[in-house]
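The structure under discussion appears below in the form of structure tokens.
The values are calculated or read from the model by the stated rules, or taken from the named source; none is laboratory data. For clarity, every value in this text was computed on a predicted model and none was experimentally measured. Backbone-built Cβ (ideal geometry, glycine too); neighbour counts: all protein chains shown. Note: areas computed on protein heavy atoms with side chains; ligands, DNA, RNA excluded. Shrake-Rupley method; radii C 1.70, N 1.55, O 1.52, S 1.80 Å.
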Amino acid sequence: MSTRKPPLHETHLQSGADFTDFGGWDMPVSFDSIQTEHAAVRDSAGIFDVSHMGEVTVGGPDATELTNRLTTNDVTELDPGDAQYACILSEDGTIIDDTVVYFQPDGEEYLFVPNAGNDEAMADRWTDHAATHDLEATVTNRTGELGMFAVQGPDAVEAVQKAAADPLEDVSRFSARDTTINGADCLAARTGYTGEDGFELIFDADDSEAVWDAFDDMQACGLGARDTLRLEAGLLLSGQDFHVEDEPRTPYEARLGFVVDDSKSFFVGQAALQDVADPDEVLIGLELDERAVPRHGYPILHDGEQVGHVTSGTMSPTLEVPIALGYVDAAYADEETSLAVEVRDRSAAATVVSHRFLQEHRD
């Protein structure tokens with residue numbers, strides 16, 4: 001399969017951005033430095049091209065039932081313009097992907113956003129499930145037709161409001177409103193993946209340049225800063241902190257039980273979850289007590305014995321300490337537990353902390 005490119009690929013290339021392959025997409029990893037871009041989002045605002053994310057619409061008489069059967073949260077609770085975070089599970093309760101589901105402001109259909117490279121598989125999953133269970137729904141993979149930017153940071157809401165033709169400051173978290181930006185029709189959703197306030201904007205791909213230019217005085221940010229920002233916020237990365245084959249995890253292992261609504265009559269994987277509500281291994285946050293950077297796959301140790309492994313790690317630009325997410329035996333998951341990470345054949349002391357690193361720092 002050929003590498004996919006966002007609509008503004010050439011524009012980013014001409015601006016001097018560095019690129020990386022992510023989920024089969026050639027995406028900007030940085031425009032300046034990761035540290036500069038990270039600081040802009042924490043201190044003021046930055047704009048990300050996240051057009052590699054999938055966009056799948058679901059309409060028709062059974063759209064609600066279909067989407068409710070395939071996600072862990074309860075979409076019947078959504079009013080037009082509302083959104084919710086959810087997991088998509090296999091029959092055995094393992095996370096296939098996580099997603100945000102939007103009930104479009106017009107109340108006509110749902111839009112859900114799979115992670116990069118998963119759009120086709122998730123659209124097929126919805127289509128196949130509808131056919132198997134005789135549900136009347138129209139599923140359309142619109143990833144190639146739409147663009148998506150994220151404007152994030154303490155000044156992001158003010159910046160988007162300044163560019164938008166409609167009031168947006170009163171849009172609450174996990175809500176969305178239709179508006180126009182620089183002549184382009186946009187869905188403006190108060191969601192994000194950085195631990196900061198802001199909007200994610202979805203629009204026709206042909207309008208990408210117009211929307212991007214509306215924020216031409218804002219720091220452009222790539223996937224490198226997006227990764228350090230989301231890790232500080234304790235937000236999981238699909239394909240790394242969970243993967244249906246390489247890192248199979250249930251929502252309870254991944255500390256995502258808050259998006260599992262057991263009051264629903266049925267969703268795929270629900271029965272399997274009833275047997276694993278108290279998992280043997282769970283996700284933890286770690287702060288290293290010395291300047292050694294933990295990386296994906298590094299062993300987590302207790303008294304020299306491996307009790308888990310790192311899934312994501314970095315030197316936190318905000319906290320200025322090494323941090324990591326990983327899974328350990330539940331017996332070692334309590335905060336303030338002393339552990340270690342094996343870094344290049346040596347043991348680096350570490351302490352279990354809340355995996356919401358940024359929130360704990362701010363509190």
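Of all residues in the stretch 243-269, exactly one satisfies the criterion of being free of Cβ contacts under 8 Å to residues at least 24 places away in the same chain and polar (S, T, N, Q), namely Ser265. Going by the conditions given, is Pro61 part of a loop (DSSP other than H, G, I, E, B), in contact with a Leu (Cβ under 9 Å, 6 or more places away or on another chain) and surrounded by fewer than 18 Cβ atoms within 10 Å (Cβ to Cβ)? Taking the combined requirement at face value, the residue satisfies it. Taking the stretch 219-249 as the range and being buried (at least 18 other Cβ atoms within 10 Å of the Cβ) and under 16 Å from Gly308 (Cβ atoms) as the test, the residues that pass are Leu236, Asp241, Phe242, Glu247, Arg249.
Of the residues making up the stretch 320-363, those that are hydrophobic (A, V, I, L, M, F, W, C), free of Cβ contacts under 8 Å to residues at least 40 places away in the same chain and under 13 Å from Gly234 (Cβ atoms) number 1. Going by what's in this entry, would Thr140 be described as touching a helix residue (DSSP H, G or I) at 6+ places or on another chain (Cβ under 9 Å), hydroxyl-bearing (Ser, Thr, Tyr) and either open to solvent by less than 70 Å² (accessible area, probe 1.4 Å) or modelled with pLDDT under 95 (or both)? Yes.
Put simply, of Asp216, Asp128, Asp207, Asp185 the only residue that is farther than 20 Å from Asn68 by Cβ, assigned to a helix (DSSP H, G or I), of a type outside the set (Val, Ile, Thr) and at pLDDT 95 or above is Asp207. The residue that is farthest from the chain's Cα centre (by Cα), among those in the stretch 100-125 that are under 17 Å from Thr76 (Cβ atoms), open to solvent by less than 50 Å² (accessible area, probe 1.4 Å) and of a type outside the set (Ser, Thr, Tyr), is Gly107.
For the stretch 277-291, the tally of residues that are open to solvent by 50 Å² or more (accessible area, probe 1.4 Å) and touching a residue at least 60 places away in the same chain (Cβ under 8 Å) stands at 2.
One line per residue, one yes/no per condition, for (1) modelled with pLDDT under 95; (2) in a loop (DSSP other than H, G, I, E, B); (3) open to solvent by less than 40 Å² (accessible area, probe 1.4 Å):
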| residue | (1), (2), (3) |
| --- | --- |
| His12 | no, no, yes |
| Thr20 | no, no, no |
| Arg42 | no, no, yes |
| Leu66 | no, no, yes |
| Thr72 | no, yes, yes |
| Gln84 | no, no, yes |
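Examine the stretch 191-213 for a residue that is β-branched (Val, Ile, Thr), in contact with a Leu (Cβ under 9 Å, 6 or more places away or on another chain), farther than 28 Å from Ala121 by Cα and surrounded by fewer than 23 Cβ atoms within 10 Å (Cβ to Cβ), and state whether such a residue exists. Within the stretch 191-213 (the criterion being β-branched (Val, Ile, Thr), in contact with a Leu (Cβ under 9 Å, 6 or more places away or on another chain), farther than 28 Å from Ala121 by Cα and surrounded by fewer than 23 Cβ atoms within 10 Å (Cβ to Cβ)), the answer is no, since none of the residues qualifies. For Ala271, the conditions (1) surrounded by fewer than 20 Cβ atoms within 10 Å (Cβ to Cβ); (2) in contact with a strand residue (DSSP E or B) (Cβ under 9 Å, 6 or more places away or on another chain); (3) closer than 25 Å to Ser238 by Cβ are fulfilled apart from (2). Leu319 passes every criterion in (1) within 17 Å of His38 (Cβ to Cβ); (2) surrounded by 18 or more Cβ atoms within 10 Å (Cβ to Cβ); (3) not basic (Lys, Arg) apart from (2). Exactly one residue among Val276, Val310, Val341 is part of a strand (DSSP E or B) and within 30 Å of Val260 (Cα to Cα), and that residue is Val310. Going through (1) in contact with a Leu (Cβ under 6 Å, 6 or more places away or on another chain); (2) of a type in the set (A, V, I, L, M, F, W, C); (3) surrounded by fewer than 24 Cβ atoms within 10 Å (Cβ to Cβ) one by one, Ala131 falls short only on (1). Taking the stretch 322-338 as the search range and keeping residues that are of a type in the set (Ser, Thr, Tyr) and assigned to a strand (DSSP E or B), which one is least open to solvent (accessible area, probe 1.4 Å)? Only one residue tops the list, namely Tyr327.
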